[in-house]
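What follows is a single structure, written as structure tokens, with notes after it.
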Amino acid sequence: MAKARAIIKRRKSVQNIKKITRTMELIATARFRKALDRATEAESYTRKIAEIVNDLSETSSTQVSHPLLEQRDPVRRVGMLVLTSNRGLAGSYNGNVLRLATRNYEEFQETGTTTLLEVSGKRGINFLRFRRIAVDTTYTQFEDRPQFDEVEALANRYLGMFLRGEIDRFEVVYTKFVTASKQIPVSETLLPMTVDRAKEDISRHSEKKTAGAGSRSRTPYEFLPDPGSILEEIVPASFKVRLFKCFLDAAVSEQIMRMIAMRGATENADDMVKTLTRQYNRARQSQITRELSEIIGGAAALG
């Protein structure tokens, strides 16, 4: 009977774990929907700024330029921001990002490029400390609802570092949200900004349109006072919005991957409960059969 009691105790433990994972799945689902709404709203704004930057660059009346568009060669100093989560139980979310970030960091070290490494999220901080990789700055205040003013403070700092020449390039390593079934770890260069990146944002949005919608028509702009003055305001704003979009994509990807991981854990716990129930039934049946055999054998000996 001791074996049957042990199985019952284990089954009860698995059932308790199943309740926890099911609750975490429901919480992650609710947070995912809210984060997705914020990311969708920010995407329209980001795309529109990209369109304006693209139209400014294609203006034939005058040649416009901006320090943030300056391509520096060779690149001696790189700033890299890695976005991870503060909590675990999110499947391969943190592992995929950290593998990509570690590979990029090692490549920079091999080429002799000075790397300013900054990490957001306790999981990434602990991992890099375990790997004995020096981290210059850490952030733990960004949760599943990053605020624009907090990201803007970071963006202003990076803009100042780039304009002062402290870094020649700035990259963000994060999980990009493509669809509800596809999230990919990427390393995007945000500084120096390029018009090609703006065109990619526009083309990616146009791919989501229906087949009969057609391509985006060129909007005629009249720039007042001049394209150069507008570029002075648009380019920094575009960088801030792009960085904020990275944080939003990371938040959406984290929640959906946690939701999937907890759903899988709940299903596995359910399968384990069924298996333990069958084991208990077999153990109980074996115990009853043995007890009946002992009773029958004892009665036959007395007869």
Out of (1) under 18 Å from the mean Cα position of the chain (by Cα); (2) under 30 Å from Leu276 (Cα atoms); (3) free of Cβ contacts under 8 Å to residues at least 24 places away in the same chain, the odd one out for Lys9 is which? (1)
Tell me which residues, restricted to the stretch 156-177, are farther than 23 Å from Arg123 by Cα and part of a strand (DSSP E or B). Arg169
Might you check whether a residue that is in contact with a Pro (Cβ under 8 Å, 6 or more places away or on another chain) and of a type outside the set (Asp, Glu) occurs anywhere in the stretch 125-132? no
Please verify whether Val135 is closer than 24 Å to Phe162 by Cβ, touching a residue at least 12 places away in the same chain (Cβ under 8 Å), surrounded by fewer than 18 Cβ atoms within 10 Å (Cβ to Cβ) and out of contact with any Pro (no Cβ under 6 Å at 6 or more places or on another chain), treating the condition exactly as stated. yes
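Being in a helix (DSSP H, G or I), modelled with pLDDT under 85 and small (Gly, Ala, Ser) is true for just one of Ala4, Ala28, Ala35. Which residue is that? Working first, answer last.
Values: Ala28 fails: modelled with pLDDT under 85; Ala35 fails: modelled with pLDDT under 85.
None of the other options fit; the residue is Ala4.
For every residue, the table says whether it meets (1) open to solvent by 90 Å² or more (accessible area, probe 1.4 Å); (2) at pLDDT 95 or above; (3) farther than 17 Å from Glu254 by Cα.
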| position | (1), (2), (3) |
| --- | --- |
| Thr111 | yes, no, yes |
| Val119 | no, yes, no |
| Phe142 | no, no, no |
| Asp149 | yes, no, yes |
| Gly165 | no, no, yes |
Is it the case that some residue within the stretch 145-154 is among the β-branched types (Val, Ile, Thr) and without any contact (Cβ under 8 Å) to a residue 40 or more places away in the chain? no
Against the definition (among the acidic types (Asp, Glu), part of a helix (DSSP H, G or I), open to solvent by less than 20 Å² (accessible area, probe 1.4 Å) and at pLDDT 75 or above), how does Glu254 come out, yes or no? yes
Pick from Arg278, Arg282: which is under 42 Å from the mean Cα position of the chain (by Cα) and open to solvent by 40 Å² or more (accessible area, probe 1.4 Å)? Arg278
Report every pair of residues separated by at least 6 positions or lying on different chains whose Cβ atoms are under 7 Å apart, first residue within the stretch 37-57 and closer than 21 Å to Ala180 by Cβ, second not in a helix (DSSP H, G or I). Ala39/Phe177
Determine whether Lys3 is over 19 Å from Arg258 (Cα atoms) and open to solvent by 90 Å² or more (accessible area, probe 1.4 Å). yes
Residue satisfying all of: in the stretch 71-103; in a helix (DSSP H, G or I) and either open to solvent by less than 20 Å² (accessible area, probe 1.4 Å) or in contact with a Lys or Arg (Cβ under 8 Å, 6 or more places away or on another chain) (or both); farthest from Thr175 (Cα to Cα) among these: Thr102
So Glu233 ticks every box in (1) at pLDDT below 90; (2) touching a strand residue (DSSP E or B) at 6+ places or on another chain (Cβ under 6 Å); (3) not hydroxyl-bearing (Ser, Thr, Tyr) but one. Which box is left unticked? (2)
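The values are calculated or read from the model by the stated rules, or taken from the named source; none is laboratory data. These numbers come from a predicted model, not from an experiment. With ideal geometry, Cβ positions are generated from the backbone for all residues, glycine too; neighbour counts draw on all protein chains shown. Each accessible area value is taken on the protein alone, full model and side chains, heavy atoms only, with ligands, DNA and RNA left out. Shrake-Rupley method; radii C 1.70, N 1.55, O 1.52, S 1.80 Å.
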